[in-house]
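Participant: Okay, here's the structure, questions in a sec.
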Amino acid sequence: MTERSASSLKRDETSFSIGASCVERTPSGLQFRIDERCMPVPRTLKGSIKVTFEEVSPRAFALDRLGKHSWRPLAPRMRVDLAFDKPDLHWSGDGYLDMNYGSEPLEAAFSTWSWSRMHLSDRTRLLYDVTESDGRSHCVAVDVVDGEIVPYVPPGPEGIVGLPKGLWRMDRWTRSDPGVKPALVRALEDAPFYTRSLIDASIGGRRGLMVHESVDLRRFVSPVVQAMLPFRMPRLR
């Protein structure tokens with residue numbers, strides 16, 4: 001999460017480095033090498049992450065009505081192998097990789113969003129709800145099946161259900177099928193403008209564990225949060 005100057009950046013067709021950390025493209029996926037200092041409690045973070053793509057999706061979706069922001073679920077399902085020396089941490093499991101890109105800052109277009117991903121035996125189910133700065137809402141609901149994008153009908157507005165607030169009292173919610181109340185299984189990240197959680201929910205007739213995130217960009221731009229960011233995201237030359 002460290003922000004660095006342009007002089008710390010190096011890149012070519014197959015690699016991208018910022019400071020001592022880098023990511024390289026391999027024939028099967030990506031290889032990350034991490035060498036950083038954690039904040040706000042200083043400690044070393046050093047190790048590698050190998051991701052192997054099972055499927056790659058070429059399609060991107062517009063998130064706003066003006067088409068200034070896009071979302072691409074690049075690798076909806078992939079293998080993750082993590083090996084860290086500091087801290088001593090090793091594990092393997094399923095993963096997911098997407099990307100957002102646009103022509104202006106996110107806070108210029110959106111006030112909030114709610115996103116979730118559910119890995120099922122035959123597909124990856126994705127749900128992306130955004131609320132634009134003027135209050136208009138937009139929902140993208142797609143399955144990825146063998147690399148193909150298949151839209152599905154999500155629960156309607158009546159299916160929007162609130163989730164428990166976290167330490168910073170930020171609102172978080174998701175959609176759920178009628179009669180099935182989503183449950184918060186574990187809080188993974190709890191920040192003033194961002195939460196990431198593991199929830200048990202039912203979407204479009206399929207039930208399972210979902211990785212869920214909520215973002216509040218109105219909070220992000222507040223002077224208090226902006227003053228706090230350097231303590232978590234230090235800026236180095």
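The values are calculated or read from the model by the stated rules, or taken from the named source; none is laboratory data. Since we're looking at a predicted model, the values are computed, not measured. All Cβ positions, even for glycine, are placed from backbone atoms using ideal geometry, and neighbour counts span all protein chains on display. We work out accessible area using only protein heavy atoms, side chains counted, and drop any ligands, DNA or RNA first. Shrake-Rupley method; radii C 1.70, N 1.55, O 1.52, S 1.80 Å.
Participant: Any residue that is more than 17 Å from Asp129 (Cβ to Cβ), touching a helix residue (DSSP H, G or I) at 6+ places or on another chain (Cβ under 9 Å) and not in a strand (DSSP E or B) - is there at least one of those in the stretch 151-171? It would help to see each step written out before you state the result.
Facilitator: Applying the first criterion (more than 17 Å from Asp129 (Cβ to Cβ)) to the stretch 151-171 yields 164-169.
So of that shortlist, the ones also touching a helix residue (DSSP H, G or I) at 6+ places or on another chain (Cβ under 9 Å) come out as 168.
Of the ones still in play, those that are also not in a strand (DSSP E or B) are 168.
Yes.
Participant: Restricting attention to the stretch 1-14, report how many residues are part of a strand (DSSP E or B) and surrounded by 14 or more Cβ atoms within 10 Å (Cβ to Cβ). Before the answer, list the steps.
Facilitator: Taking the stretch 1-14 first, the residues part of a strand (DSSP E or B) are 3-4, 9-11.
Those left that are additionally surrounded by 14 or more Cβ atoms within 10 Å (Cβ to Cβ): 4.
Residues that pass the stated criteria total 1.
Participant: Regarding Arg33, is this residue farther than 24 Å from Glu3 by Cα and either in contact with a Gly (Cβ under 6 Å, 6 or more places away or on another chain) or open to solvent by 40 Å² or more (accessible area, probe 1.4 Å) (or both)? Explain how you work it out, then say what you get.
Facilitator: Details: farther than 24 Å from Glu3 by Cα: no; either in contact with a Gly (Cβ under 6 Å, 6 or more places away or on another chain) or open to solvent by 40 Å² or more (accessible area, probe 1.4 Å) (or both): yes.
No.
Participant: Looking at the stretch 148-159, which of its residues are among the aliphatic types (A, V, I, L, M) and surrounded by 14 or more Cβ atoms within 10 Å (Cβ to Cβ)?
Facilitator: So in the stretch 148-159, the residues among the aliphatic types (A, V, I, L, M) come out as 149-150, 153.
Within the stretch 148-159, just Ile149 meets the criteria.
Participant: Can you name the condition, by its number, that Val140 falls short on among (1) surrounded by fewer than 17 Cβ atoms within 10 Å (Cβ to Cβ); (2) closer than 27 Å to Gly67 by Cα?
Facilitator: Val140 satisfies every listed condition except (1).
Participant: Mind listing whichever residues of the stretch 101-120 are hydrophobic (A, V, I, L, M, F, W, C) and more than 17 Å from Glu213 (Cβ to Cβ)? So that I can check it myself, show each step before the final result.
Facilitator: Of the stretch 101-120, the ones hydrophobic (A, V, I, L, M, F, W, C) are 106, 108-110, 113, 115, 118, 120.
Within the stretch 101-120, Ala108, Ala109, Leu120 meet the criteria.
Participant: Does Ser70 meet the test of being farther than 23 Å from Gly147 by Cβ and assigned to a strand (DSSP E or B)?
Facilitator: Values: farther than 23 Å from Gly147 by Cβ: no; assigned to a strand (DSSP E or B): yes.
For Ser70, the condition - farther than 23 Å from Gly147 by Cβ and assigned to a strand (DSSP E or B) - is not met.
Participant: Only one residue in Glu54, Glu36, Glu13, Glu24 is more than 18 Å from the chain's Cα centre (by Cα) and closer than 30 Å to Cys139 by Cα. Which one?
Facilitator: Details: Glu36 fails: closer than 30 Å to Cys139 by Cα; Glu13 fails: closer than 30 Å to Cys139 by Cα; Glu24 fails: closer than 30 Å to Cys139 by Cα.
Result: Glu54 is the single residue among Glu54, Glu36, Glu13, Glu24 that is more than 18 Å from the chain's Cα centre (by Cα) and closer than 30 Å to Cys139 by Cα.
Participant: Taking Glu213, is it within 18 Å of the chain's Cα centre (by Cα) and surrounded by 16 or more Cβ atoms within 10 Å (Cβ to Cβ)? Before the answer, list the steps.
Facilitator: Numbers: within 18 Å of the chain's Cα centre (by Cα): yes; surrounded by 16 or more Cβ atoms within 10 Å (Cβ to Cβ): yes.
Spelling it out, Glu213 is indeed within 18 Å of the chain's Cα centre (by Cα) and surrounded by 16 or more Cβ atoms within 10 Å (Cβ to Cβ).
Participant: For the stretch 172-187, which residues satisfy the criterion of being loosely packed, with under 12 Cβ neighbours inside 10 Å and part of a loop (DSSP other than H, G, I, E, B)?
Facilitator: Pro178, Gly179, Lys181
Participant: Additional query: Within the stretch 80-100, which residues are more than 22 Å from His212 (Cβ to Cβ) and open to solvent by 70 Å² or more (accessible area, probe 1.4 Å)? Lay out the reasoning, then the answer.
Facilitator: Just the residues of the stretch 80-100 that are more than 22 Å from His212 (Cβ to Cβ), to begin with: 81, 83-90, 92.
Those that are more than 22 Å from His212 (Cβ to Cβ) and open to solvent by 70 Å² or more (accessible area, probe 1.4 Å): Asp85, Lys86, Asp88, Leu89, His90.
Participant: Report yes if Pro192 is closer than 22 Å to Leu74 by Cα, open to solvent by less than 70 Å² (accessible area, probe 1.4 Å), outside any strand (DSSP E or B) and not basic (Lys, Arg), otherwise no.
Facilitator: Values: closer than 22 Å to Leu74 by Cα: no; open to solvent by less than 70 Å² (accessible area, probe 1.4 Å): yes; outside any strand (DSSP E or B): yes; not basic (Lys, Arg): yes.
So Pro192 fails the test.
Participant: Right, next: Out of all the residues in the stretch 57-68, which are open to solvent by 90 Å² or more (accessible area, probe 1.4 Å) and more than 19 Å from the chain's Cα centre (by Cα)?
Facilitator: First, the residues of the stretch 57-68 that are open to solvent by 90 Å² or more (accessible area, probe 1.4 Å): 58-59, 65-66.
Passing the criteria: Arg65, Leu66.
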